[in-house]
Amino acid sequence: MKTKELGQQQIIQGLKDADTEVIDEFIQQFSRPLFGVILNYTKNPPDAEEILQDTLLRVIRKIDTFRQESDIWPWMKRIAINNSIMWLRKRRSSRGREIQLEEYAPTFSEDGHLHGSLFRWSVDPEDVILNAELASQLYEAIQSLPFEYRVPLVLRDTEGYPIKQIASLLGLKEATAKTRIHRGRLAVRKKLADYLEGRG
Amino acid sequence: MRNDLKCKDCFDLLMDYLEDNLDSETQKKLDQHFAACPPCLNFLESYRDCSKMAQQLRDQQVEIPKELENRLKTFLREQM
């Protein structure tokens, strides 16, 4: 963030007044975090740029509807997420690859017991903040998921949205949203386990 | 309470278990299974940790090129 950061009230007023200096400062302060949010939904930087541009414009056009006593960041982020999903749903013509459960699920014996030896998992989830390589592996694992799995997983695990809301946003039945989150998690777990096992 | 849950049953209920969607009796049966089955516990922990780690990616900042910032400024000025 720049040193000359404006306060929330100054930004809101400046956007309402179409003050170009405030708009420039608003872009400097918020385009990076908003771009980070949008890149969780689309892997393609030119698409993300177009969504970011549209998001910033929507924020400015809707600024009169913002409740001033609340924090502006969650409000802007919600606009970025909704915009990303709308944009992607509109432009996607074909479905991505289905994740088959057997690709990433553990194997079980006929009597239902867990098969084979799973390597010993020993990661503290907080490590991802301190360990840039682990964070990058995790990010890549999530990004490698097909759109249909990545978006519900990011909404649930990264953003903490309830399943009901995810289903509604994506136009899915709740059971389908749950299945996709579950399969996405299994794929991410397997990719990270392969990385950690190879490293150890 | 008889616990006849197999590893596969626990795996099938994993997401509902973590979302607290199961009735208390089933939830308890899974607790018992995980406590007595190290491979399942290991799998549960890894699955749960991945979900928690994804939460840490929230609000990450990425670098954006100066040219993109300039394009955004030009675009918004044109729209105002």
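One table, with the values for the structure above:
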read-out	value
Residue within region A:68-84 that is part of a helix (DSSP H, G or I), surrounded by 15 or more Cβ atoms within 10 Å (Cβ to Cβ) and touching a Leu at 6+ places or on another chain (Cβ under 6 Å) present	yes
Subset of region A:154-188 [under 27 Å from A:VAL123 (Cα atoms), open to solvent by 20 Å² or more (accessible area, probe 1.4 Å) and in contact (Cβ under 8 Å) with a residue 24 or more places away in the chain]	A:ARG156, A:ARG180, A:ARG183
Residue tally, condition within 7 Å of chain B (Cβ to nearest Cβ) and open to solvent by 30 Å² or more (accessible area, probe 1.4 Å), over region A:2-23	2
Boolean, B:ASP16 is under 16 Å from the mean Cα position of the chain (by Cα) and open to solvent by less than 50 Å² (accessible area, probe 1.4 Å)	yes
Test: residue in region A:107-120 that is part of a helix (DSSP H, G or I) and of a type in the set (Lys, Arg)	no
Selected residue (criterion: nearest to A:PHE35 (Cα to Cα)) from residues of region B:29-80 that are among the small types (Gly, Ala, Ser) and more than 7 Å from chain A (Cβ to nearest Cβ)	B:ALA35
Within region A:156-171, considering residues that are of a type outside the set (D, E, K, R), within 14 Å of chain B (Cβ to nearest Cβ) and not in a loop (DSSP other than H, G, I, E, B), the one nearest to B:CYS50 (Cα to Cα)	A:THR158
Lone unmet requirement of (1) outside any loop (DSSP other than H, G, I, E, B); (2) among the polar types (S, T, N, Q); (3) open to solvent by 60 Å² or more (accessible area, probe 1.4 Å) for A:SER31	(3)
Only listed residue being acidic (Asp, Glu) and not assigned by TED's automatic domain parsing to the domain that holds A:GLN13, chosen from A:ASP54, A:ASP64, A:ASP47, A:ASP124	A:ASP124
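The values are calculated or read from the model by the stated rules, or taken from the named source; none is laboratory data. The structure displayed is predicted, hence computed values, not measured ones. Cβ coordinates were reconstructed from backbone atoms using ideal geometry, including for glycine residues, and neighbour counts include every protein chain displayed. We work out accessible area using only protein heavy atoms, side chains counted, and drop any ligands, DNA or RNA first. Shrake-Rupley method; radii C 1.70, N 1.55, O 1.52, S 1.80 Å.
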